[in-house]
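Enquirer: My questions all concern the structure below.
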Amino acid sequence: MTVASLTPDQPIGVFDSGIGGLTVVKEIKRLLPNENLIYFGDTGRVPYGNKSKSTIIDYSLQITRFLESKGVKLVVIACNTATAHALDAVRKSTSLPVIGVVDPGARAAAEKTKSKRVGVIGTVGTINSKAYEKALHKLSADLEVFGQAAPLFVPLVEEGWFTHPATSLIIREYLKPLENHRIDTLVLGCTHYPLLKTAIDRELFSSITLIDSGEEVAKDVRTVLAKHHLLNPAKRTESYRYFVSDLNFRFKELGRMFLDEPFDQVTLVEWPS
Ligand code: DGL
(Lines give C-alpha, C1' and ligand atoms only; values in the text may rest on other atoms or scores of the structure.)
Protein backbone atom coordinates (compact mmCIF):
# COMPACT_ATOMS: atom_id res chain seq x y z
CA MET A 1 0.00 0.00 0.00
CA THR A 2 1.34 3.45 -0.90
CA VAL A 3 0.61 6.68 0.96
CA ALA A 4 -1.12 7.97 -2.19
CA SER A 5 -3.72 5.18 -1.95
CA LEU A 6 -4.71 6.07 1.65
CA THR A 7 -7.95 7.90 2.40
CA PRO A 8 -8.82 10.45 5.15
CA ASP A 9 -11.53 8.28 6.72
CA GLN A 10 -9.10 5.46 7.51
CA PRO A 11 -8.24 5.30 11.23
CA ILE A 12 -5.03 6.40 12.92
CA GLY A 13 -3.27 3.40 14.50
CA VAL A 14 -1.74 3.89 17.96
CA PHE A 15 0.13 1.33 20.02
CA ASP A 16 1.75 1.06 23.43
CA SER A 17 3.16 -1.57 25.75
CA GLY A 18 -0.10 -1.38 27.70
CA ILE A 19 -2.80 1.06 28.68
CA GLY A 20 -0.55 4.08 29.41
CA GLY A 21 -0.52 5.06 25.71
CA LEU A 22 -4.11 6.21 26.20
CA THR A 23 -2.55 9.47 27.47
CA VAL A 24 -1.47 10.00 23.86
CA VAL A 25 -4.88 8.90 22.50
CA LYS A 26 -6.53 11.45 24.79
CA GLU A 27 -4.44 14.25 23.26
CA ILE A 28 -5.08 13.05 19.68
CA LYS A 29 -8.82 12.90 20.37
CA ARG A 30 -8.74 16.40 21.83
CA LEU A 31 -6.79 17.97 18.96
CA LEU A 32 -8.26 15.92 16.10
CA PRO A 33 -11.87 15.07 17.03
CA ASN A 34 -12.76 14.04 13.46
CA GLU A 35 -10.23 11.25 13.34
CA ASN A 36 -11.09 7.57 13.66
CA LEU A 37 -8.64 5.62 15.78
CA ILE A 38 -7.51 2.08 16.51
CA TYR A 39 -5.48 1.46 19.65
CA PHE A 40 -3.48 -1.62 20.53
CA GLY A 41 -2.22 -2.06 24.11
CA ASP A 42 0.17 -4.96 24.64
CA THR A 43 -1.20 -5.70 28.13
CA GLY A 44 -0.11 -9.34 27.87
CA ARG A 45 3.58 -8.38 27.57
CA VAL A 46 3.82 -5.09 29.50
CA PRO A 47 6.21 -3.70 30.80
CA TYR A 48 8.57 -2.93 27.93
CA GLY A 49 10.71 -0.62 30.08
CA ASN A 50 13.13 -3.33 31.20
CA LYS A 51 13.13 -5.56 28.08
CA SER A 52 15.87 -5.86 25.45
CA LYS A 53 15.92 -3.90 22.21
CA SER A 54 15.52 -7.01 20.03
CA THR A 55 12.44 -8.19 21.95
CA ILE A 56 10.83 -4.77 21.69
CA ILE A 57 11.57 -4.62 17.95
CA ASP A 58 9.88 -8.03 17.49
CA TYR A 59 6.81 -6.95 19.45
CA SER A 60 6.60 -3.58 17.67
CA LEU A 61 6.81 -5.14 14.20
CA GLN A 62 4.12 -7.66 15.07
CA ILE A 63 1.81 -4.92 16.34
CA THR A 64 2.49 -2.75 13.28
CA ARG A 65 1.42 -5.65 11.05
CA PHE A 66 -1.74 -5.99 13.15
CA LEU A 67 -2.55 -2.28 12.76
CA GLU A 68 -1.86 -2.49 9.00
CA SER A 69 -4.28 -5.41 8.77
CA LYS A 70 -6.93 -3.11 10.34
CA GLY A 71 -6.41 -0.55 7.57
CA VAL A 72 -4.78 2.32 9.46
CA LYS A 73 -3.43 5.34 7.55
CA LEU A 74 -0.68 6.25 10.02
CA VAL A 75 1.06 4.51 12.92
CA VAL A 76 1.77 6.29 16.21
CA ILE A 77 4.16 4.57 18.60
CA ALA A 78 2.80 5.99 21.84
CA CYS A 79 5.28 4.07 23.99
CA ASN A 80 8.53 5.89 24.72
CA THR A 81 10.49 2.66 25.21
CA ALA A 82 9.20 1.19 21.92
CA THR A 83 9.98 4.46 20.13
CA ALA A 84 13.48 4.52 21.60
CA HIS A 85 14.25 0.96 20.48
CA ALA A 86 12.07 0.23 17.48
CA LEU A 87 11.14 3.42 15.59
CA ASP A 88 13.69 2.84 12.80
CA ALA A 89 12.74 -0.83 12.43
CA VAL A 90 9.03 -0.01 12.27
CA ARG A 91 9.64 2.72 9.68
CA LYS A 92 11.62 0.28 7.54
CA SER A 93 8.89 -2.35 7.80
CA THR A 94 5.97 -0.28 6.49
CA SER A 95 5.12 2.24 3.80
CA LEU A 96 2.76 4.05 6.20
CA PRO A 97 3.87 7.25 7.91
CA VAL A 98 5.13 6.44 11.44
CA ILE A 99 5.33 8.90 14.34
CA GLY A 100 7.17 8.14 17.56
CA VAL A 101 6.97 10.06 20.83
CA VAL A 102 10.64 10.98 21.18
CA ASP A 103 11.16 13.53 18.37
CA PRO A 104 8.05 15.63 19.15
CA GLY A 105 8.96 15.77 22.87
CA ALA A 106 12.59 16.62 22.09
CA ARG A 107 11.53 19.37 19.68
CA ALA A 108 9.27 20.99 22.27
CA ALA A 109 12.05 20.83 24.89
CA ALA A 110 14.63 22.34 22.53
CA GLU A 111 12.22 25.20 21.77
CA LYS A 112 11.42 25.85 25.46
CA THR A 113 14.85 25.71 27.12
CA LYS A 114 16.67 28.97 27.70
CA SER A 115 19.50 27.65 29.87
CA LYS A 116 20.16 24.89 27.29
CA ARG A 117 20.08 22.35 30.13
CA VAL A 118 17.35 19.75 29.63
CA GLY A 119 16.36 16.83 31.86
CA VAL A 120 14.70 13.66 30.60
CA ILE A 121 12.93 11.04 32.73
CA GLY A 122 11.77 7.68 31.44
CA THR A 123 12.02 3.92 31.85
CA VAL A 124 15.44 2.28 32.20
CA GLY A 125 15.21 1.22 28.53
CA THR A 126 14.42 4.73 27.28
CA ILE A 127 17.14 6.40 29.34
CA ASN A 128 19.81 3.78 28.53
CA SER A 129 19.02 4.05 24.81
CA LYS A 130 19.89 7.78 24.95
CA ALA A 131 17.18 8.30 22.32
CA TYR A 132 16.11 11.69 23.72
CA GLU A 133 19.71 12.81 24.08
CA LYS A 134 20.40 11.96 20.42
CA ALA A 135 17.19 13.64 19.24
CA LEU A 136 17.95 16.78 21.29
CA HIS A 137 21.54 16.96 20.04
CA LYS A 138 20.36 16.63 16.46
CA LEU A 139 18.22 19.71 17.04
CA SER A 140 20.87 21.69 18.87
CA ALA A 141 24.39 20.38 19.48
CA ASP A 142 25.03 22.75 22.40
CA LEU A 143 22.23 21.40 24.62
CA GLU A 144 23.25 19.63 27.80
CA VAL A 145 20.98 16.64 28.46
CA PHE A 146 20.62 14.89 31.80
CA GLY A 147 18.75 11.57 31.81
CA GLN A 148 17.22 9.92 34.85
CA ALA A 149 15.44 6.57 34.87
CA ALA A 150 12.36 6.76 37.10
CA PRO A 151 10.98 3.19 37.05
CA LEU A 152 8.97 3.54 40.28
CA PHE A 153 6.74 6.20 38.72
CA VAL A 154 4.87 3.61 36.61
CA PRO A 155 3.56 1.54 39.56
CA LEU A 156 2.84 4.71 41.56
CA VAL A 157 0.61 5.97 38.74
CA GLU A 158 -1.04 2.58 38.36
CA GLU A 159 -1.82 2.61 42.09
CA GLY A 160 -3.36 6.07 41.68
CA TRP A 161 -0.97 7.46 44.32
CA PHE A 162 -0.92 10.99 42.94
CA THR A 163 -0.93 12.79 46.29
CA HIS A 164 0.56 10.08 48.51
CA PRO A 165 3.55 11.14 50.65
CA ALA A 166 5.56 8.19 49.25
CA THR A 167 5.12 9.64 45.76
CA SER A 168 6.44 13.04 46.85
CA LEU A 169 9.44 11.35 48.45
CA ILE A 170 10.23 9.30 45.33
CA ILE A 171 9.78 12.30 43.05
CA ARG A 172 12.27 14.25 45.17
CA GLU A 173 14.71 11.33 45.18
CA TYR A 174 14.66 11.02 41.37
CA LEU A 175 14.43 14.69 40.49
CA LYS A 176 16.72 16.45 42.95
CA PRO A 177 19.85 15.42 40.98
CA LEU A 178 18.29 16.98 37.86
CA GLU A 179 17.49 20.14 39.77
CA ASN A 180 21.09 20.22 40.95
CA HIS A 181 22.13 20.12 37.28
CA ARG A 182 20.17 23.38 36.93
CA ILE A 183 17.86 22.14 34.18
CA ASP A 184 15.08 24.54 33.15
CA THR A 185 13.08 22.01 31.08
CA LEU A 186 12.08 18.43 31.91
CA VAL A 187 10.76 15.93 29.35
CA LEU A 188 8.21 13.48 30.77
CA GLY A 189 9.50 10.62 28.60
CA CYS A 190 7.03 7.89 29.53
CA THR A 191 3.35 7.32 28.81
CA HIS A 192 2.48 7.30 32.53
CA TYR A 193 4.24 10.45 33.67
CA PRO A 194 1.72 13.06 32.46
CA LEU A 195 -0.51 11.82 35.28
CA LEU A 196 2.18 12.86 37.75
CA LYS A 197 2.49 16.37 36.27
CA THR A 198 0.83 18.11 39.21
CA ALA A 199 2.79 16.11 41.76
CA ILE A 200 6.09 16.75 39.94
CA ASP A 201 5.27 20.44 39.59
CA ARG A 202 4.69 20.62 43.34
CA GLU A 203 8.12 19.19 44.13
CA LEU A 204 10.26 20.92 41.48
CA PHE A 205 11.45 24.52 41.24
CA SER A 206 8.63 26.44 39.62
CA SER A 207 11.09 27.69 36.98
CA ILE A 208 11.29 24.18 35.41
CA THR A 209 8.96 23.65 32.43
CA LEU A 210 7.48 20.17 32.03
CA ILE A 211 7.13 18.76 28.53
CA ASP A 212 4.31 16.28 27.92
CA SER A 213 5.25 14.26 24.82
CA GLY A 214 1.59 13.25 24.28
CA GLU A 215 0.51 16.81 23.51
CA GLU A 216 3.43 17.25 21.12
CA VAL A 217 2.69 13.95 19.35
CA ALA A 218 -0.88 15.02 18.63
CA LYS A 219 0.46 18.17 16.92
CA ASP A 220 2.84 16.05 14.82
CA VAL A 221 -0.01 13.73 13.82
CA ARG A 222 -1.95 16.75 12.57
CA THR A 223 1.08 18.05 10.62
CA VAL A 224 1.84 14.69 8.97
CA LEU A 225 -1.80 14.02 8.07
CA ALA A 226 -2.16 17.53 6.62
CA LYS A 227 1.01 17.06 4.57
CA HIS A 228 -0.42 13.89 2.98
CA HIS A 229 -3.95 15.40 2.62
CA LEU A 230 -5.23 12.76 5.04
CA LEU A 231 -6.97 14.87 7.70
CA ASN A 232 -10.52 13.59 8.07
CA PRO A 233 -12.79 16.57 7.27
CA ALA A 234 -15.86 15.21 9.11
CA LYS A 235 -16.81 12.23 11.16
CA ARG A 236 -19.78 10.10 10.19
CA THR A 237 -19.84 7.83 13.23
CA GLU A 238 -17.90 7.72 16.48
CA SER A 239 -15.14 5.25 15.75
CA TYR A 240 -12.55 4.43 18.35
CA ARG A 241 -11.59 0.79 18.61
CA TYR A 242 -9.43 -0.60 21.39
CA PHE A 243 -7.54 -3.90 21.30
CA VAL A 244 -5.39 -5.51 23.99
CA SER A 245 -3.37 -8.72 24.27
CA ASP A 246 -4.64 -9.53 27.78
CA LEU A 247 -7.87 -8.60 29.52
CA ASN A 248 -6.45 -8.40 33.01
CA PHE A 249 -8.62 -7.48 35.97
CA ARG A 250 -7.58 -3.81 36.10
CA PHE A 251 -7.69 -2.76 32.45
CA LYS A 252 -11.04 -0.96 32.70
CA GLU A 253 -10.09 1.00 35.81
CA LEU A 254 -6.65 1.93 34.41
CA GLY A 255 -8.04 2.73 30.98
CA ARG A 256 -10.54 5.15 32.47
CA MET A 257 -7.77 6.82 34.45
CA PHE A 258 -5.48 7.33 31.42
CA LEU A 259 -8.21 8.19 28.92
CA ASP A 260 -10.35 10.26 31.30
CA GLU A 261 -13.50 8.54 30.04
CA PRO A 262 -15.00 5.03 30.22
CA PHE A 263 -12.84 2.32 28.71
CA ASP A 264 -14.94 -0.80 28.35
CA GLN A 265 -15.45 -1.58 24.67
CA VAL A 266 -12.21 -3.51 24.37
CA THR A 267 -11.38 -6.52 22.18
CA LEU A 268 -8.88 -9.22 23.10
CA VAL A 269 -6.36 -10.12 20.38
CA GLU A 270 -4.95 -13.61 20.50
CA TRP A 271 -1.73 -13.82 18.57
CA PRO A 272 -1.31 -16.91 16.41
CA SER A 273 1.43 -19.02 18.05
N1 DGL B 1 4.77 2.64 27.91
C2 DGL B 1 6.07 2.62 28.54
C3 DGL B 1 6.86 3.87 28.10
O4 DGL B 1 6.30 4.88 27.71
C5 DGL B 1 5.98 2.56 30.06
C6 DGL B 1 5.49 1.25 30.60
C7 DGL B 1 6.40 0.07 30.25
O8 DGL B 1 7.50 -0.06 30.82
O9 DGL B 1 6.01 -0.69 29.36
O10 DGL B 1 8.07 3.84 28.12
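Enquirer: When segment 46-101 is examined, which residues are found to be farther than 24 Å from HIS229 by Cβ, β-branched (Val, Ile, Thr) and more than 10 Å from the ligand (Cβ to nearest atom)?
Expert: Within segment 46-101, THR55, ILE57, ILE63 qualify.
Enquirer: Output yes when any residue across segment 6-14 is more than 13 Å from the ligand (Cβ to nearest atom) and free of Cβ contacts under 8 Å to residues at least 40 places away in the same chain, and no when none is.
Expert: no
Each row is one residue, and each column tells you yes or no for (1) of a type in the set (S, T, N, Q); (2) assigned to a loop (DSSP other than H, G, I, E, B); (3) at pLDDT 95 or above.
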position	(1), (2), (3)
LYS197	no, no, no
ASP201	no, no, no
PHE205	no, yes, no
GLU215	no, no, no
LEU231	no, yes, yes
PHE263	no, yes, no
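Enquirer: Of all the residues that make up segment 180-195, how many are within 16 Å of the ligand (Cβ to nearest atom) and not in a helix (DSSP H, G or I)?
Expert: Looking only at segment 180-195, we keep the residues that are within 16 Å of the ligand (Cβ to nearest atom), and these are 186-195.
With the extra rule that they be not in a helix (DSSP H, G or I), the set shrinks to 186-192.
Of the residues in segment 180-195, 7 are within 16 Å of the ligand (Cβ to nearest atom) and not in a helix (DSSP H, G or I).
Enquirer: Give segment 175-217 a look and list any residue that's open to solvent by 30 Å² or more (accessible area, probe 1.4 Å) and either among the hydroxyl-bearing types (Ser, Thr, Tyr) or closer than 17 Å to ALA84 by Cα (or both), or say none.
Expert: Once the filter is applied, which keeps residues that are open to solvent by 30 Å² or more (accessible area, probe 1.4 Å) and either among the hydroxyl-bearing types (Ser, Thr, Tyr) or closer than 17 Å to ALA84 by Cα (or both), segment 175-217 yields THR198, SER206, SER207, THR209, GLU216.
Enquirer: Moving to a separate point now. Would you confirm whether or not segment 180-193 contains a residue that is free of Cβ contacts under 8 Å to residues at least 40 places away in the same chain, farther than 19 Å from VAL102 by Cα and within 22 Å of the chain's Cα centre (by Cα)?
Expert: From segment 180-193, those free of Cβ contacts under 8 Å to residues at least 40 places away in the same chain are 180; that's our starting set.
Now narrow it down to the ones that are farther than 19 Å from VAL102 by Cα: 180.
From what is left, the residues that are within 22 Å of the chain's Cα centre (by Cα) are none.
No; the residues of segment 180-193 include none that is free of Cβ contacts under 8 Å to residues at least 40 places away in the same chain, farther than 19 Å from VAL102 by Cα and within 22 Å of the chain's Cα centre (by Cα).
Enquirer: Check off (1) on the phi > 0 side of the Ramachandran plot; (2) out of contact with any strand residue (DSSP E or B) (no Cβ under 9 Å at 6 or more places or on another chain) for GLU159 and give me the number that stays unchecked.
Expert: (1)
Enquirer: With the condition being open to solvent by 60 Å² or more (accessible area, probe 1.4 Å), within 22 Å of ALA82 (Cα to Cα) and modelled with pLDDT of 95 or more, I'd like the helices (runs of 4 or more DSSP H) fully within segment 110-169 carrying at least 3 qualifying residues.
Expert: Values: elements: 124-129, 131-139, 153-158.
The helices (runs of 4 or more DSSP H) meeting that bar are 131-139.
Enquirer: Given the criterion of a type outside the set (Lys, Arg) and touching a residue at least 40 places away in the same chain (Cβ under 8 Å), identify the matching residue among SER213, SER207, SER140, SER168. Even if it seems obvious, please write down each step before you answer.
Expert: Values: SER207 fails: touching a residue at least 40 places away in the same chain (Cβ under 8 Å); SER140 fails: touching a residue at least 40 places away in the same chain (Cβ under 8 Å); SER168 fails: touching a residue at least 40 places away in the same chain (Cβ under 8 Å).
Checking each option against the conditions leaves just SER213.
Enquirer: Here's another thing I want to ask about it. I need every pair where a residue in segment 73-88 that is modelled with pLDDT of 95 or more has its Cβ under 9 Å from the Cβ of a residue that is of a type in the set (Asp, Glu) and more than 7 Å from the ligand (Cβ to nearest atom), sequence separation at least 6 or different chains.
Expert: If the second residue must be of a type in the set (Asp, Glu) and more than 7 Å from the ligand (Cβ to nearest atom), the pairs left are LYS73/ASP9; VAL75/GLU68; VAL76/ASP220; CYS79/ASP42; ALA82/ASP42; THR83/ASP103; ALA86/ASP58; LEU87/ASP103.
The values are calculated or read from the model by the stated rules, or taken from the named source; none is laboratory data. Predicted, not measured: the structure shown is a model, and the values here were computed from it. With ideal geometry, Cβ positions are generated from the backbone for all residues, glycine too; neighbour counts draw on all protein chains shown. SASA here: full protein model, heavy atoms, side chains in, ligands and nucleic acids out. Shrake-Rupley method; radii C 1.70, N 1.55, O 1.52, S 1.80 Å.
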